[in-house]
Amino acid sequence: MDIYLLFGPPGSGKGSLGKLLPKGSHLSIGSLLREQNIDCSNGKLVSDEYINSLVLKYLKQNSQKEFLVLDGYPRTESQAIFLKKYFQDRIKTFIHLSCSDEEVIDRVCFRETCNCGCSYHPRLKPSKRVGICDACGSMLKKRSDDTKEIIQERLSVYKKEKNKILRHFQDKYVDVSVERDFKESLKKIAQFILSGNENYIKDIRNFPIGRDQIKQFGRE
Ligand SMILES: [Zn+2]
C-alpha cells in the first residue's frame, strides 16, 4: 500500500479532496474520532498513543489497498515518528496544502456541513438550495467548533507542530497552494494521487522549496 499524507490547516480542503477520491481510499482521523464520539471540538488534541494505535490498527486491517490518503495524521511530531517507524517505506508523498490565515478563518466560519460528510461554503461551494445538502437532501448545519475563537486556537496548535512534522518528511514533501482556484487545485491533487504523475500538480506547487529552505523553516 502507498500512503499519501495530507497536511494543511482546517478548511484547506482535505475533506473535499477526499470526496474526489475512490471510496475507502481517504481516511480522515477527525471523522474517525467523531464517529467514536470523541470530542475534539475545543481545538485540543487527543493523546498521541490513542491515535497512533487507532491508525496502526486501521492500516494493518487495510493493508491490501492499493493506496490510502491519511487526512489529519500525523498531527504531532510524536505521531510522525511513530508512523515513520512502522511505514517509512510505504509513505509516497507528504502533501502540504497551503492557505493564508485570513482565508482559513473565512472558510471555516462560513462552512456548513451535513451528516453525510459533505460540506459547503457560500462563496467556494454553495449548495444548490440554501441550507440543504445537494447529495442527500438533509438540512445543513454549522459545526459547533467552527467559530473564530476555536479556529484561531486550532491554527496556533497547527502552526506549532507544522515545522516539527515537516522535518521528518523533507524528501517526500510537496507544497501545494489551495488559496486560489480552490476546486481546480483539489482536482489536480486528486489526479496526481490517482495517477502518480507529478505533472498534474506542477503548476500549483509553491516551489521551489529545497531541502535547505525546509531546514530553515524548521528552525523558525
Ligand atoms: Zn448530505
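The values are calculated or read from the model by the stated rules, or taken from the named source; none is laboratory data. As the structure is a prediction and not an experimental result, all values here were calculated from the model. Here the Cβ positions follow ideal geometry from the backbone for every residue, glycine too, while neighbour counts run over all protein chains shown.
Among the residues here, Ile189 does not qualify as closer than 19 Å to His26 by Cβ, among the hydrophobic types (A, V, I, L, M, F, W, C), modelled with pLDDT under 85 and surrounded by 13 or more Cβ atoms within 10 Å (Cβ to Cβ). Against the numbered list (1) buried (at least 17 other Cβ atoms within 10 Å of the Cβ); (2) over 30 Å from Asp171 (Cα atoms); (3) touching a His at 6+ places or on another chain (Cβ under 8 Å), Phe110 comes up short only at (1). Among residues that are within 15 Å of Tyr73 (Cα to Cα), more than 14 Å from the ligand (Cβ to nearest atom) and out of contact with any Pro (no Cβ under 9 Å at 6 or more places or on another chain), Lys164 is included. Within segment 121-141, residues that are on the phi > 0 side of the Ramachandran plot reach partners that are within 12 Å of the ligand (Cβ to nearest atom) and modelled with pLDDT of 95 or more with beta carbons closer than 7 Å, at six or more positions or on different chains, in the pairs Gly131/Met139; Gly131/Leu140. Going by the structure shown, is Tyr50 of a type outside the set (Val, Ile, Thr) and in contact (Cβ under 8 Å) with a residue 12 or more places away in the chain? Spelling it out, it is not the case that Tyr50 is of a type outside the set (Val, Ile, Thr) and in contact (Cβ under 8 Å) with a residue 12 or more places away in the chain.
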